[in-house]
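Engineer: This is the structure, below, for whatever I ask next.
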Amino acid sequence: MTTVYFDNAATTQMRDEVINRMTESMRINFGNPSSIHSYGRQSKAVIENCRKSIASHFNVSASEIVFTSGGTEADNLILRSAVRDLSVKEIITSKIEHHAILHTVEALEKEYGISVKYVNLKPDGHIDYSHLEDLLNSENKQLVSLMHINNEIGNKLDLLVVANLCKNNNALFHSDTVQSVGHYQLDLMKTPIDFLAASAHKFHGPKGVGFAFIRKNSGIKGSIFGGEQERGYRAGTEAIHNIVGLDEALKLSYTNLDIERDYILDIKTYFINTLQDVFPDVVFNGSCSDSENSTYTLINVCLPIAAEKASLLQFQLDLKGIACSKGSACQSGSSQNSHVLSEILDDEHLKRPSVRFSFSRFNTKADVDYVIEVLKAFV
Ligand SMILES: Cc1ncc(COP(=O)(O)O)c(C=O)c1O
């Protein structure tokens, strides 16, 4: 049976090179990195070399990279510590952030009584920068948390504009870059961002590992207490093989970035054009059809399908071996509307089925042709 994996924003297939390096590491680096004997020292050296190599992609120092279990933990570590340790009294975010941000911010609002402001969105889901500037006018210590690439609609934030706005207004800036690390070059020497979150499984690495970038002297402290691992930010014996996998996946992503971006963008453009031929009334949610202002890795389409057929769409795609998402992966099992699409679509478009197709280097145009053939039954 033909199968097509178009759910790369949910997670990606690991590269063989990553699996090979992890396997080798599991075999060899079994010493506990906290042990002082040669086995431990060897494991410790492996971790520190990975940290150095990861930091070099972002033009930061190794001590600014803290390994975590993934994006969610990195987001939690940063936001919680900013409120607890840096006296942040106000968080400015948007209603279309990932739940790793939204639910954490809601919890902090309840636990610490901080105030939360949501920046206005334009009809295409982009941040209204002038409203952000208005919100940045406060006596309170503020932190802005805005994602670089939206995981559902692919909108791309101008990190430099937001970072400078925050800097000029004495606010801290955290960006959830889970969908952009490994897909975009980020030079943190040039962009004054305080904190980032990243996750290896979004760029052909293993699940269960990511990192937080925490700018030097930020004052952030740890949230998991125990041993001295990760300089006290996060106690617990390190998953060396996962860190090695993260390092290898990131290296390969950035080595092949230009070639793979062009390759994937070609597939995305072909998908957009073919969809428009079959469904002249298709709507591209957010600005995902605009290559300047959205990521090359996904499209989110609102299909003009009659209500009686729409309920069968997701079922039929799955039956035909096509993996894609209704909203984001976290909600694919849920019948509720996506919180992102609910913010930007009108009632009429919300009633229609929207599907996110997200791509990787492992896809081909033949995958697009197959999906289009399946979708033609719904015209
Ligand atoms: C934008 C964004 N932030 C955070 C996360 C959570 O990352 P992780 O799965 O590594 O916890 C995801 C994953 O879906 C994401 O897309």
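Engineer: For labels at His37 and Asn337 in the simple 7 Å Cα→Cβ model, what's the distance in nm?
Structural biologist: 6.2
Engineer: Let me cross-check Ser291: its accessible surface, 1.4 Å probe, with only protein heavy atoms counted, in Å² to the nearest 10?
Structural biologist: 80
Engineer: Can you classify the chain as rounded, prolate or oblate using the Cα gyration tensor, where a ≥ b ≥ c are the square roots of its eigenvalues, rounded means a/c under 1.5, and otherwise it's prolate if a/b beats b/c and oblate if not?
Structural biologist: Judged from the Cα gyration tensor, the chain comes out oblate (a/c at least 1.5, b/c at or above a/b).
Engineer: Can you grab the distance from the C-alpha centre of the range 345-373 to the C-alpha centre of the range 1-72, Å, no decimals?
Structural biologist: 32
Engineer: Using packing as a proxy for protection, rank 70-83, 151-164 so that the peptide with the highest average count of other Cβ atoms within 10 Å comes first.
Structural biologist: Going by the mean number of other Cβ atoms within 10 Å, highest first, we get 70-83, 151-164.
Engineer: Also, quick follow-up: Pairs to check: Lys95/Lys141; Lys141/Lys221; Lys95/Lys365; Lys202/Lys326; Lys202/Lys376. Give those whose C-alpha atoms are more than 26 Å from each other in this structure.
Structural biologist: Flagged as over cut-off: Lys95/Lys365; Lys202/Lys376.
Engineer: Fully extended, how many nm does the chain gain between Ser291 and Glu24 (0.36 nm per residue separation, minus their Cα-Cα distance)?
Structural biologist: 92.2 nm
Engineer: Ok, one more. Can you send over the solvent-accessible area of His57, 1.4 Å probe, protein chains only, in Å² to the nearest 10?
Structural biologist: Ignoring ligands and nucleic acids, His57 comes out at about 40 Å².
Engineer: Could you give the nm distance between label points at Val283 and Phe225, where each point is 7 Å from its Cα heading toward the beta carbon?
Structural biologist: 5.1
Engineer: Apply the Karplus curve 6.51 cos²θ - 1.76 cosθ + 1.60, θ = phi - 60°, to the phi angles in the range 226-232 and return the couplings in whole Hz, x for Gly and Pro.
Structural biologist: Those phi angles translate into x, x, 9, 4, 6, 6, x Hz.
Engineer: What residues have an amide H closer than 5 Å to that of Thr68, excluding those fewer than 5 places away on the same chain, when H is modeled at 1.01 Å from N in the peptide plane?
Structural biologist: Amide H neighbours of Thr68, under 5 Å, 5+ apart: Gly210, Phe211, Ala212.
Engineer: Which entries in Lys52/Lys167; Lys167/Lys351; Lys122/Lys251 show an alpha-carbon gap greater than 32 Å?
Structural biologist: Pairs exceeding 32 Å: Lys167/Lys351; Lys122/Lys251.
Engineer: Related question: According to a simple spin-label model (label point 7 Å from Cα along Cα-to-Cβ), what is the distance in nm between Glu308 and Ala366?
Structural biologist: Distance between label points: 3.7 nm.
Engineer: Counting only protein chains, not ligands or nucleic acids, how are Tyr39, Tyr263 ordered by accessible area (probe 1.4 Å), most first?
Structural biologist: Ranking Tyr39, Tyr263 by accessible area, largest first, yields Tyr39, Tyr263.
Engineer: Taking R0 as 35 Å, what's the FRET efficiency between Thr2 and Lys122 from their Cβ-Cβ distance, rounded to 0.05?
Structural biologist: Numbers: r = 39 Å, r/R0 = 1.12.
Computed FRET efficiency for Thr2 and Lys122: 0.35.
Engineer: Turning to a different aspect of this structure: Hey, what do the phi angles of the range 314-322 turn into as Karplus ³J(HN,Hα) couplings, whole Hz, using 6.51/-1.76/1.60 and θ = phi - 60°, x for Gly and Pro?
Structural biologist: Going residue by residue, I get 4, 4, 5, 4, 5, 4, 8, x, 9 Hz, with x marking Gly and Pro.
Engineer: Follow-up. Tell me the trypsin sites (Lys or Arg not before Pro) within the range 218-281 that lie in a loop according to DSSP and have at most 15 other beta-carbon atoms within 10 Å.
Structural biologist: Lys221
Engineer: Let me ask another. Counting only the backbone N, which residues of the range 117-147 are under 19 Å from the spot 7 Å out from the Cα of Ser87 toward its beta-carbon?
Structural biologist: 137-144
The values are calculated or read from the model by the stated rules, or taken from the named source; none is laboratory data. Since we're looking at a predicted model, the values are computed, not measured. Reconstructed Cβ throughout: ideal geometry from the backbone, glycine too, with neighbour counts over all protein chains shown. SASA here: full protein model, heavy atoms, side chains in, ligands and nucleic acids out. Shrake-Rupley method; radii C 1.70, N 1.55, O 1.52, S 1.80 Å.
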